[in-house]
1. Considering (1) modelled with pLDDT under 80; (2) over 22 Å from the mean Cα position of the chain (by Cα); (3) not hydrophobic (A, V, I, L, M, F, W, C), say which one E12 fails and leave the rest.
2. Looking at the structure I just gave you, is L13 among the hydrophobic types (A, V, I, L, M, F, W, C) and surrounded by 10 or more Cβ atoms within 10 Å (Cβ to Cβ)?
Amino acid sequence: MGATIRHQLMQELDKASPEFLWQLFQFVQFLKQAEHKANASTHPLQRFIGCMSAQEGDAFAASLEKEFNQIEGEW
């Protein structure tokens with residue numbers, strides 16, 4: 001089914017005006033953004049998941065624990 005739809009779309013696009021193609025392009029970009037937002041977590045750090053290996057994550061966590069586990073000055 002996907003190949004048939006793709007073929008039909010390509011035929012339609014071959015006949016389309018440049019203005020129509022521009023509008024279609026903008027609409028596709030809008031859909032991609034909407035899909036991305038729908039799939040994104042509500043947590044603001046969600047986009048960073050998987051950006052470092054487990055070993056890098058462990059080293060980072062150990063560094064944070066070492067450097068920020070002490071309070072300097074008066075509280």
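1. (1)
2. Values: among the hydrophobic types (A, V, I, L, M, F, W, C): yes; surrounded by 10 or more Cβ atoms within 10 Å (Cβ to Cβ): yes.
When the stated conditions are applied, L13 passes them.
The values are calculated or read from the model by the stated rules, or taken from the named source; none is laboratory data. Not measured: the values here are computed from a predicted model. Because the Cβ atoms are built from the backbone with ideal geometry, glycine has one as well, and the counts that use them run over all protein chains shown.
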